[in-house]
């Protein structure tokens, strides 16, 4: 959904039946008011300011803020990365009203679970490679994409040997791809 569609939807709701989802209407009104909001709730105002700051950051840098615990990053980027991580938490997400969830999804590149999505994309790319080449990717291959898939598979084997947490679905996928063997 585009931001304009979301705003149109909630402008209509605010006019026709603001009591249908009053919290979403409050967030909508704070969102369109920007810094001119007369909203008494600091929580709503802070959340809206963070959404706008995230959008400005993405527009300026062409990417989402990154977390890096090894290298010191810009304090604004770290603050936004922390905020994004907090918004993605299941407990936080369950507390969001409908407008908040939909509003976050209008942000360019927003994903609720980027680690899981990346993991599944790598597993799918590995499956396709196996289907096309009839062999696993090689770590010393000339092709960078093949080396990347081989490195991903090696990391999964290492994580599995170290008894890292995998979901049952992930274990089944890794077993089917013959990255790990089932016991």
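Just so you know, all these numbers are worked out from the coordinates, no wet-lab data involved. Since the structure is predicted, the reported quantities are computational estimates derived from the model, not experimental observations. Ideal geometry is used to build each Cβ from the backbone, glycine not excepted, and the neighbour counts take in all protein chains shown.
Extent of the stretch 3-105 along each principal axis, from alpha carbon coordinates, in Å, largest to smallest?
Principal extents (Cα only, largest first): 51, 28, 26 Å.
Just report the Cα centroid separation between the stretch 127-176 and the stretch 71-95, whole Å.
About 29 Å separates the Cα centre of the stretch 127-176 from the one of the stretch 71-95.
Roughly speaking, what is the stretch gain from residue 93 to residue 151, that is 0.36 nm per residue apart minus the C-alpha to C-alpha distance, in nm to one decimal?
Full-extension gain reported as 17.6 nm.
As I understand it, the value is the acute angle between the Cα axis of helix 144-161 and the longest principal axis of the Cα atoms of the chain; what does it come to in degrees, rounded to 10?
For 144-161 against the chain, the angle is about 90 degrees.
Using only Cα atoms, tell me the angle between helix 75-88 and the longest principal axis of the chain; keep it within 0 to 90° and round to the nearest 10.
The angle comes out near 80 degrees.
How do the peptides 7-20, 59-72 rank, highest first, by the average count of neighbouring beta carbon atoms within 10 Å per residue? Walk me through the intermediate numbers first.
On the way: 7-20: 13.3, 59-72: 10.8.
Put in order of decreasing packing, that is 7-20, 59-72.
Could you work out the relative contact order of the stretch 53-183, using alpha carbon pairs under 8 angstrom and six or more residues apart, expressed as a whole percent?
13 percent
To the nearest 10 degrees, how steeply does helix 3-16 sit against the main Cα axis of the chain, on a 0 to 90 scale?
40 degrees
Based solely on its DSSP helices, what 222 nm [θ] is calculated for the chain when runs of n ≥ 4 H residues each add -39,500 (n - 2.57) and the sum is averaged over all residues, nearest 500 deg cm²/dmol?
-21000 deg cm²/dmol
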